[in-house]
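Encoded as structure tokens, the structure appears first; notes follow it.
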Amino acid sequence: MLEAVNASLDHLAPWMVWAQEPATGASIGAFLRDAVSGFDAGTDFGFAIVVRDEAKEAERLVGGCGLHPRLGPGALEIGYWVHVGHVRRGVARAAAMALRDEALAMGMDRVEIHCDERNTASAAVARSAGFEHVATERRPARTPSESDREMIWVSTRRAE
């Protein structure tokens, strides 16, 4: 994970608050401890995105994703990141669709993806995964590339 994040830092930093500094063993360790704690408590659900390398009979980490309880009862927010070497291959779209389906199967009423108005790649993921753009709200910019406008994409039904 440390290698994947740091290899993708230039790609992630414009949009991800947590990618403003290089990852360290300590920062990844703290992240993983928090992720396990949230998962065990049933409050926050983080997952690794891996691809199988059949030739090496191994899996390689190519990103991360999660369902996060930031929206109140009956809703979860999807977050995702993809290693720079695996963008534009449908990885984020597949993760978003799988997480949406799982959240709705868990009994959630809706699932949301939030992204900055300037983050056209993330908006394209939401759109291609079948989410509907329902609002754009003002909020403070948190990273170098962000505007002060956050797009909210919603899905209330599973993929068919």
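The values are calculated or read from the model by the stated rules, or taken from the named source; none is laboratory data. Since the model is a prediction, treat every value here as computed from it, not as a measurement. Positions of Cβ are generated from backbone atoms using ideal geometry, with glycine treated the same way; all protein chains shown enter the neighbour counts. Surface accessibility is based on the protein's heavy atoms, side chains included, excluding ligands, DNA and RNA. Shrake-Rupley method; radii C 1.70, N 1.55, O 1.52, S 1.80 Å.
Take Glu137 and tell me if it is open to solvent by 50 Å² or more (accessible area, probe 1.4 Å), among the charged types (D, E, K, R) and assigned to a strand (DSSP E or B).
The answer is yes for Glu137.
Take the conditions assigned to a helix (DSSP H, G or I), out of contact with any Lys or Arg (no Cβ under 8 Å at 6 or more places or on another chain) and not charged (D, E, K, R) and apply them to Ala124. Does it pass?
Here the answer is yes, as Ala124 does meet what is asked.
Picking from Val111, Val134, Val125, which residue would you name as being within 23 Å of Ala7 (Cα to Cα) and either in contact (Cβ under 8 Å) with a residue 12 or more places away in the chain or of a type outside the set (Lys, Arg) (or both)?
Details: Val111 fails: within 23 Å of Ala7 (Cα to Cα); Val134 fails: within 23 Å of Ala7 (Cα to Cα).
Criteria check complete, one pass: Val125.
Please verify whether Gly130 is at positive phi and surrounded by 13 or more Cβ atoms within 10 Å (Cβ to Cβ), treating the condition exactly as stated. Explain how you work it out, then say what you get.
On the way: at positive phi: yes; surrounded by 13 or more Cβ atoms within 10 Å (Cβ to Cβ): yes.
Yes: the conditions hold for Gly130.
Kindly provide the set of residues from the range 87-110 that are open to solvent by 20 Å² or more (accessible area, probe 1.4 Å), part of a helix (DSSP H, G or I) and under 14 Å from Ser122 (Cα atoms), ordered by number. Outline the logic, then answer.
Step one: of the range 87-110, the residues open to solvent by 20 Å² or more (accessible area, probe 1.4 Å) are 87-91, 93-94, 97-98, 101-102, 104-110.
This time we only want the ones that are part of a helix (DSSP H, G or I), so: 91, 93-94, 97-98, 101-102, 104-105.
Val91, Arg93, Ala94, Met97, listed by residue number.
Can you name the helices (runs of 4 or more DSSP H) wholly within the range 1-66 that have at least 3 residues being open to solvent by 80 Å² or more (accessible area, probe 1.4 Å)?
Answer list for the range 1-66: 25-41.
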